[in-house]
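Visitor: Once you've had a glance at the structure underneath, I'll fire off some questions.
The values are calculated or read from the model by the stated rules, or taken from the named source; none is laboratory data. Small disclaimer: the values here were computed from a predicted structure and weren't measured. Here Cβ is always computed from backbone atoms with ideal geometry, including for glycine, and neighbour counts include all displayed protein chains. In case anyone asks, the SASA skips ligands and DNA or RNA and just uses the protein heavy atoms, side chains included. Shrake-Rupley method; radii C 1.70, N 1.55, O 1.52, S 1.80 Å.
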Amino acid sequence: MIGGVGPLFEFLSHYWWLIFVFGGSIGGAVKAIGAANQRRVERRQERFRIKQQTKVAVAQANAQGQVDKEAVLRDVAKTIDEHEQTDARWFGYEIDMVTLLDFPMMIDMREPLTIEFHKAKRHADLLKPSDPESLVGDPDGRSRYRDAVHVYAVAFDVAEKEATRRRHGDFDDGEQERLVRAQRLLRLAMNDGATQQERHSAYAKARKELEGLISIPNTARLQLERSIAGQIEA
């Protein structure tokens, strides 16, 4: 190796002035190579920074999407709960004929408030989702359902308050007496302690009292008839 270095120094000792001729070019080339290397390092660092930012952005978007979904599902659940609570209030009338006869306006389809309540209920029932998640990506559907339930709940409140105010006030004295007798007979018909014959007879007489006054809802009628029929089978 020493033998190879000797000739190099020998050459430089005779041609040392070449350093001044080519020194600037060599220095420039070295600087250019260094700058290119620096740019490559910076590009790698920039690509790494962008890649990391992308990962963070995706993770944040996924987390936000999960939060948004949970918020939407809570909102839908709240609307469904209001819907079902209003249904429960209505069913309290629909399946209890004795209570219903205290507030007959609730089933009087000649009354505009009653008509509006039943129309609002049908509309809300139509829009109620079978699966709450079906509304997650449907903001318009959520809005329509929420508005429909609100209209239903308000319409029920208005009809109920008016029915409470009127009670039997829309009937004359003779009709009010018939309603009272019908209520008494229905209580007997719904009494599990009465005999089948007593219940059947009381139900038939109650329906006769109500003819021309009130149309008994099918749900209440069928429930009472099944109850009487079940006693017969027993």
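Visitor: Where the centroid of each part is defined by its Cα atoms, how far is region 66-115 from region 168-211 in Å?
Guide: Cα centroid to Cα centroid, the span is 27 Å.
Visitor: Now for a different question. Radius of gyration and Dmax for region 135-234's Cα atoms, expressed in Å?
Guide: 19.6, 58
Visitor: Ranked from the most accessible area to the least, with a 1.4 Å probe and all protein chains present, what is the order of 177, 46?
Guide: 177, 46
Visitor: Next question. So, counting K/R as plus one and D/E as minus one, what does the shell of residues with Cβ under 13 Å around residue 80 add up to?
Guide: Computed value for this residue: -3.
Visitor: Using only alpha carbon positions, build the gyration tensor of region 84-180, then give the equivalent ellipsoid semi-axes as the square roots of 5 times its eigenvalues, largest first, whole angstrom.
Guide: Gyration-tensor ellipsoid for region 84-180: 33, 12, 9 Å.
Visitor: Per residue, how much accessible area does region 77-234 have with a 1.4 Å probe, in Å²?
Guide: So region 77-234 comes to 57 Å² accessible per residue, rounded to a whole number.
Visitor: Now, a different point. Measure off, as a whole percent, the carbon and sulfur share of the 1.4 Å-probe accessible area of region 115-234, all protein chains present.
Guide: Using a 1.4 Å probe with all protein chains present, region 115-234 comes out at 48 percent carbon and sulfur.
Visitor: Report the label-to-label distance for residue 191 and residue 172 in nanometres (one decimal), using points 7 Å from each Cα along the Cα→Cβ vector.
Guide: Simple spin-label model gives 3.2 nm for this pair.
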